[in-house]
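Note sheet for the following structure.
Every number in this text was worked out from the coordinates using simple rules, so none of it is lab data. Please read all numbers here as calculations on a predicted model, not as lab measurements. Backbone-built Cβ (ideal geometry, glycine too); neighbour counts: all protein chains shown.
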Amino acid sequence: MLNKVEMLRIFCAAAETSSFKEAAIRLGVSPQAVSRAISALETQLGEVLFFRNTRHSQITPFGISLAQRARLSLHQLDAIFTPAEAADNGLSGVVRIAAPNALTHSSLPMLISELLALHPQLQIELCFSDDHSDVVAEQIDIGIRVGIMRDSQLIAKVVAQCHFCMVAAPALIARYGMPQTLEALGELPTIVMLDPKTGRPWPWFLNAGATWHPRQPVIASNDAIYEYQAVLAGTGIGQLASFLATPHIQAGTLVQVLPEITPTPWNVYVYRANKSPVPARIRLVYDWLAKGLADTLHKP
């Protein structure tokens, strides 16, 4: 026995054609199946839908009214079961991105702006934090990370490398002179970052896997952007990511200190959760960021 939705679909096809036979051809069923469905629907509704004789059928006024309402209802029903990305190729909706604070002063804002210019139906939510985000708990769609990827449940792509450069403003070097050794550097004002988990300063990374702790930093901050701005202002020497430092080194607004002990670079990753299916909007933004950051992140 046909259910009510199937009967309405057959009825709408019959209402749009000149005969039950034509409706049957459109639906791929027999004319008898169309006739039985119309009769069953008339019985349920208690109304005649078509005036019929041996040669043709003509829809009744009630049938015309029902067909209008049925088409709308069937369209709404079909929309429920249509994948969300079908109407707009999936390139609309919210995409949540997690990134380190320092990337606010990288090419990332420009990349997001260019993406939204091409796909204005997207909505980007940016979550900046230097803590590693829990993609499940925080409902993160895409993340950017500098350093080591330890979570095997993530799909990650290396898009660039980040060096850590010891840098200072020219005015500070003019005041104190350029240090030639770590011992001499230890006598100068420095700026350090605090580990949010321990509250203690992060060490500075050196070549061959070595680390060094500035002895008496003048500023300790948990904000990478404040550290960056304080170094630019000439408050002290700091160790900055190359995507922050390199443009200023090239422009002459920062100078590199002890470049011979620059550490091995860290990888920059774009990652997402390893789950399926992946909405088209997530694939689009993931690929866009991976290519854009690979093309634009500064390298020394």
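Normalised by the number of residues in the range 164-261, the mean separation of alpha-carbon contacts (under 8 Å, six or more apart) gives a relative contact order of 46 percent.
Taking the alpha carbon gyration tensor of the chain, multiplying each eigenvalue by 5 and rooting it gives semi-axes of 70, 16, 15 Å, largest first.
The distance between label points at Phe128 and Lys4 comes to 5.5 nm (points 7 Å beyond Cα on the Cα→Cβ vector). Compared with the alpha-carbon gap, the fully stretched path from Trp202 to Asn267 is longer by 21.6 nm at 0.36 nm per residue. Inter-label distance, Arg215 to Gln44: 8.9 nm, where each label sits 7 Å from its Cα along the C-beta direction. Largest GNM mean-square fluctuation across Glu183, Glu125, Glu114, computed for the chain with C-alpha springs under 10 Å, falls on Glu183. With Cα atoms as the point set, the range 116-228 shows a radius of gyration and Dmax of 18.4, 55 Å.
Go ahead and collect, in residue order, the members of the range 199-236 whose backbone nitrogen is under 17 Å from a label point 7 Å along the Cα-Cβ direction of Glu260. Inside the label zone: 206-210.
Taking the longest Cα principal axis of the chain as reference, the axis of helix 61-80 is set at about 30 degrees. On a 0 to 90° scale, report how tilted helix 108-118 is relative to the longest principal axis of the chain, with both axes built from alpha carbons and the result rounded to the nearest 10. Taking Cα atoms only, the helix is inclined about 20 degrees. Once the Cα-Cα distance is subtracted from the 0.36 nm per residue extended length, the Ser276 to Gln58 segment shows a gain of 73.5 nm. Only the Cβ atoms of Lys and Arg (+1) and of Asp and Glu (-1) were treated as charged; on that basis the dipole of the chain about its Cα centre amounts to roughly 1060 debye. Each residue, Phe81 and Glu114, gets one label point 7 Å from its Cα in the Cβ direction; the gap between the two is 4.3 nm.
With both residues required to sit in the chain, DSSP beta bridges show an antiparallel share near 65%. Looking at the chain as a GNM with Cα springs under 10 Å, which of Ala174, Ala40, Ala251 has the largest mean-square fluctuation? Largest GNM mean-square fluctuation: Ala40. Please find the FRET efficiency linking Ser65 to Gln32, where r is the Cβ-Cβ separation and R0 is fixed at 35 Å, and quote it to the nearest 0.05. It comes to 0.85.
Fewest first, what order do Arg281, Arg272 take by the number of other Cβ atoms within 10 Å?
Ascending number of Cβ neighbours within 10 Å: Arg272, Arg281.
The value of relative contact order for the chain, using C-alpha pairs under 8 Å at least six residues apart, is 21 percent.
Considering only Gly46, Gly236, Gly93, the Gaussian network model of the chain with Cα springs below 10 Å gives its largest mean-square fluctuation to Gly46. The Cα atoms of the range 164-261 give a gyration tensor whose axes a ≥ b ≥ c have a/c under 1.5, which makes the shape rounded.
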